[in-house]
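Here's the structure, in structure tokens; my notes come after.
The values are calculated or read from the model by the stated rules, or taken from the named source; none is laboratory data. Since the structure is predicted, the reported quantities are computational estimates derived from the model, not experimental observations. Neighbour counts run over all protein chains shown; Cβ positions are idealised from the backbone, glycine included.
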Amino acid sequence: MAESRLVATAWTSAGDTSPMHVPPVSPVPIAERIKAIAEAGYVGMGLIQDDLRVIRDSIGFSQLRSLIDAAGLTHAEIELIERWWIPRGADGHSYEVRELLFDAADVLRPAFIKIGSELGPPATRPDELIEQLRRLADEAATHGTRIAIETMPFSRIATVPMGADIVTAADHPGVGLLVDAWHVFRAGTSLDELSDALTPGMVFGVELDDAADEVDGTLFEDTVHNRLLCGEGEFDLPGLVSVLRDSGFDGPWGVEILSDDFRALPVAEALRAAADTARAVL
């Protein structure tokens, strides 16, 4: 069934690392990660820029592509470009990351490249980002891929409705949304608000995860240390899935689990647990 097709997003197969590690490179060899992902029944995988840089400088992207193909995986996604509106050479620009991910895209043919924004309060003039977003999407198209905006409640693009407004204003076939359950519910977005914001074809990807009712620490600390397997927390994941299906999204469904407990598990065991609990929700 289309509903049960799963993607092991980058952190789900990364082992004992996190966005707070410097650098956040996975200690698990890439061939071992791919093998475990395939054996757990996923159809695809994600990778972060730091892992892609290590892979580029070791086995290379062509060998990575061969490993993915040999494992029977059919979906790839890569991440994360932030501060993409800042001109090349200006303070805080991210062109090195952009070029790395586009080089990877030429070989890996990802369904999309995830982009974020930057940590801080929500943008007061998100319309100022539109022209740079269109240019980024045009460039992505020349590399055979698309751009998916991941909204985060601790960032400038804070909510899915804000992200949806930006996607609508961009009016570009290569610009869509990455909807992460954690970021939806921790931003306080209701399912009605989510339903009202989404239009058919707008959602390029989804990440399923769960959490306790109360935030532990800052939002960023909570998202890195305390996510739960699907169905083990308080999020209305069945309701979220229903809204997404009604909007026309039919998978594959990403699973993104980050927590201290999850990272402590052997990667193969962690991947199986993440897949089993996501399938139960779906």
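Kindly indicate whether any position in the range 199-216 is modelled with pLDDT under 95 and either touching a strand residue (DSSP E or B) at 6+ places or on another chain (Cβ under 6 Å) or over 25 Å from residue 16 (Cα atoms) (or both). Looking for residues that are modelled with pLDDT under 95 and either touching a strand residue (DSSP E or B) at 6+ places or on another chain (Cβ under 6 Å) or over 25 Å from residue 16 (Cα atoms) (or both), one finds none in the range 199-216, hence no.
Cβ-Cβ distances below 6 Å connect the following pairs, each with a first residue in the range 162-180 that is aliphatic (A, V, I, L, M), a second residue that is at pLDDT below 95 and in a helix (DSSP H, G or I), and a separation of six or more residues or different chains: 166/126. Restricting to the range 110-144, name every residue that is surrounded by 14 or more Cβ atoms within 10 Å (Cβ to Cβ) and not in a helix (DSSP H, G or I). Matches in the range 110-144: 110, 111, 112, 113, 114, 115, 116, 117, 118, 122, 123, 143. In this structure, residue 8 does satisfy being surrounded by 16 or more Cβ atoms within 10 Å (Cβ to Cβ) and small (Gly, Ala, Ser).
Within the range 155-164, not a single residue is more than 18 Å from residue 240 (Cβ to Cβ) and either in contact with a Cys (Cβ under 9 Å, 6 or more places away or on another chain) or surrounded by fewer than 19 Cβ atoms within 10 Å (Cβ to Cβ) (or both).
Here residue 277 does not qualify as among the β-branched types (Val, Ile, Thr) and either over 30 Å from residue 29 (Cα atoms) or surrounded by fewer than 20 Cβ atoms within 10 Å (Cβ to Cβ) (or both).
Does residue 67 fit the bill of being outside any loop (DSSP other than H, G, I, E, B) and either crowded, with 19+ Cβ neighbours inside 10 Å or not hydrophobic (A, V, I, L, M, F, W, C) (or both)? Judged against the criteria, residue 67 is not a match.
The rows are residues; the columns are (1) over 30 Å from residue 123 (Cα atoms); (2) of a type in the set (Ser, Thr, Tyr); (3) out of contact with any Gly (no Cβ under 8 Å at 6 or more places or on another chain); (4) at pLDDT 95 or above.
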{"residue": "21", "(1), (2), (3), (4)": "no, no, yes, no"}
{"residue": "32", "(1), (2), (3), (4)": "yes, no, yes, yes"}
{"residue": "50", "(1), (2), (3), (4)": "no, no, yes, yes"}
{"residue": "60", "(1), (2), (3), (4)": "yes, no, yes, yes"}
{"residue": "70", "(1), (2), (3), (4)": "yes, no, yes, yes"}
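For the range 34-47, the count of residues that are exposed (fewer than 15 other Cβ atoms within 10 Å of the Cβ), over 23 Å from residue 151 (Cβ atoms) and not hydroxyl-bearing (Ser, Thr, Tyr) is nonzero. Without any contact (Cβ under 8 Å) to a residue 12 or more places away in the chain and more than 24 Å from residue 54 (Cβ to Cβ): is that true of residue 138 in this structure? Answer is no for this residue. Of all residues in the range 223-235, those being farther than 14 Å from residue 261 by Cβ, of a type in the set (D, E, K, R) and surrounded by 15 or more Cβ atoms within 10 Å (Cβ to Cβ) number 0. Output the residue which, of all residues in the range 145-166 that are in a helix (DSSP H, G or I) and of a type outside the set (A, V, I, L, M, F, W, C), is nearest to the chain's Cα centre (by Cα). Per the criteria, the residue is 163. Based on this model, can you work out whether residue 250 counts as at pLDDT below 95 and either over 20 Å from residue 113 (Cα atoms) or not β-branched (Val, Ile, Thr) (or both)? Yes, satisfied. For residue 189, which of the numbered conditions (1) without any contact (Cβ under 8 Å) to a residue 40 or more places away in the chain; (2) more than 21 Å from residue 227 (Cβ to Cβ) fails to hold? The number of the failed condition is (2).
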